[in-house]
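A quick write-up on the structure given underneath.
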C-alpha cells in the first residue's frame, strides 16, 4: 500500500472478535442486526455485511433506500431494514428490491399498502424518548392497531431506540419500561422486537426483546470510557499515510495557515499528504497525534485541505515511512480519543476518515479484498448513457491493455448489441428444441422427410401476440431475425409451397393460442394470439410451439440457430433409424464452447449446463 498517498486497513478478524464478545452479552435466542449505514460507519458496508452474515447476522440496518439498493446490487440477500423514515416516492424502489421499510407515521403505511397487492414486511418505530423519528409512545397502541388493519402490510417487527444507553441508566430504564408496556398490550406477537443498540446490549436487560442492533461497538470504538470495564474490543479500522517530505524549522518560525503554530525551538517535521479533504478533521489542528516508527508525534499547525505536519524531532525517519493517523492499539489515536481532543463525535470521525483513500480488507494478516478510491462503488444507474459508454470502453481498454482491441470489442460488438437506447435485451431460459424426421407415404413428397418440431422456452412476454415466420431463402428470412415480435423462424426448401408448413400447436403457459396465416412479401407469417395474454404481459411465461413441415433429403445437414441470449439449451435431433451415423457440430459462443453431446441409435442431443448463458449467433449443425 506504500504506493498510495493514504489508505485504510480494515481488520475483519478484529470485527469478528468484537461481534463474538458482544454476543456473549445476549440472552439465548436473541438475534442481531448489523448496522451498516453510512457505509458501515466508514468501514465499507459490503465487506462488513458479508463478514457479519458469516458471524450470524439475521438482518442488516441501513439509513435509506439508496444504501439498501447498493447492497442488493452487490448481491446481499438477507433482510435489510431501512431505519430512517422513507419518502413516498421511494416506495417502488423498496418493493422492487425487497427492502424492509420502517413505519414512523400512519400516512406512509397507508400509501405503502395502496401501492402493493402482496404482503410486505414492515417494522414500526416507536419513539419512547429519543425525540427523533417514530410514533410517539403515547399514541403507539392506537397506531399499531390501525396499521395492523392494512391488509398488505405484515408487522414483522416493532422497535424503539435508546437515547443514552452508554451513560444514563435511569433514562434508559424509563425508555425500556415504556416500550415493554406497549409490547405487553399487543394482541399479536411480532417476529422481531428490538430496542437495544450496541451500548444497550451492555447496559440494559430487555428480556422482552429478541433482536439487538450492533453498531459502533462492533467496530471496536467505545461510546463511553466506562464500557471498557464491561467488554474488550479491538479497533477495526486503521487510517494510514506516509511521509511525503521532511523539513526543519528554526525557533520562532511558523508552520501552516495563519501562523497558529510557532516553533518554540529548532525542530524537524514531516509533511503527510492528507488533510481535512481526506476526513482528518480540521479541528485536530495543533491537537492531533500520529504514530511514525512507533513514536507518538504531535500534529503542528492548522490542518490543510491536503496536508498535515507532524513533529518528528529526535526520531529517525525517512521519506516514505508509514504514518498511522487513526486506529491500532495506541490509545492516543483511537477514534474516540482523537474525537475527544476537540469535543467531537467518534461516529462523525469514522464516517469521514479516508474519503480519498482506498480500503484494504485483511483476515489474519492476509489481504483478501479492496474497494475503490473516493469510497464510490460503481452503480450503473448513476450515469448518463454517454458517461456509461465511456466507462465501459475505458474499462475494457484497461483490462486488455490495448486501445485497438478494446475499440473493436466496444464498437463492433457491444455498441452494435445496444444499438438503440430503448431496445429491450431479450433472453430465453430453458430452451428445448426437438426436431424429428420420419418417412411418409405421399409420393409427390418422396424427396422430403416429414418433419415435426417442438420448441419450448421461458421468456418475458412483450406483446399479446407473436409471429411464426417462414421463407424459402435466407435473404427473405433474415428480416425476421431483427423483429421483436417473431419467436420462431423456419427456412423452407425453395421447391416447397408455404402451405406445407403448419403450426400444429402453440401455447403460452397453458393457454392454447389462436393462429392466422398469411403470405407477405413471399414469406409465410403466422400470427399467434389470445385475449388472455394481455394479463401476462411483462411476465416471464412458458412458450410452447409445435410445427409440421417437410425437409429435403438431399440436404444432408440440419442447422439450428440461437439469435437471442439463452440460458440453458437442449437441442435434440430424432432421426428414427433413417441414418447410420449423425454428427453434431456445435458452434456455441459463451463461457463454455463445448456443450455435452449424447447420442443413441435414433437420436442425438446437444446440451449446455442449466445455468450457462449462450450468446446470439450460436447454434448446432447436425450432419448425416
Column: log10 I(q)/I(0), Debye, Cα scatterers of the stretch 1-66, q = 0.17, 0.21, 0.27 Å⁻¹: -0.66, -0.90, -1.24
Per residue Cα convex hull volume in Å³ - calculated over the stretch 303-355: 120 Å³
Placing one equal point scatterer on each C-alpha of the stretch 427-623 and summing with Debye, one gets log10 I(q)/I(0) at q = 0.15 Å⁻¹ equal to -0.97
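Please rank 615, 594, 108, fewest neighbouring Cβ atoms within 10 Å first, as an exposure proxy. Could the numbers behind the result be given before it?
On the way: 615 15, 594 8, 108 20.
Lowest to highest Cβ neighbour count: 594, 615, 108.
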Can you give the relative contact order of the chain as a percent, counting alpha carbon pairs under 8 Å and 6+ residues apart? 10 percent
Could you state the orientation-averaged shadow area of the convex hull built on the Cα atoms of the stretch 237-371, in nm² to one decimal? 8.2 nm²
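If we count other beta carbons within 10 Å of each Cβ, what is the order of 460, 387, 37, fewest first?
Numbers: 460 15, 387 11, 37 19.
Exposure proxy ranking, most exposed first: 387, 460, 37.
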Fewest to most Cβ atoms within 10 Å: 446, 574 sort as 446, 574
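What's the Kirkwood radius of the stretch 184-226 in Å, using all Cα pairs? If you can, show how the numbers build up before the last one.
Values: mean 1/r = 0.0851 Å⁻¹.
After inverting the pairwise mean of 1/r, the radius is 11.7 Å.
Need one word for the stretch 100-162: rounded, prolate or oblate. Basis is the Cα gyration tensor (sqrt eigenvalues a ≥ b ≥ c); a/c below 1.5 gives rounded, then a/b vs b/c decides.
On the way: a/c = 2.19, a/b = 1.88, b/c = 1.17.
Note, shape of the stretch 100-162 comes out prolate.
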Computed Kirkwood radius, in angstrom, where 1/r is averaged over Cα pairs of the chain: 30.0 Å
Starting from the Cα gyration tensor of the stretch 26-229, take the square roots of the eigenvalues, sort them a ≥ b ≥ c, and report rounded, prolate or oblate (rounded when a/c is under 1.5, otherwise prolate if a/b is larger than b/c, else oblate). oblate
Per the C-alpha gyration tensor (a ≥ b ≥ c, the square roots of its eigenvalues), the stretch 146-304 is rounded if a/c is under 1.5, else prolate if a/b beats b/c, else oblate; here it's prolate
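Each value in this text was obtained by applying a stated rule to the coordinates, not by laboratory testing. Note that the coordinates shown come from a computational prediction; the quantities given were computed from them, not determined experimentally. Virtual Cβ from ideal backbone geometry, glycine too; neighbours counted across all protein chains shown.
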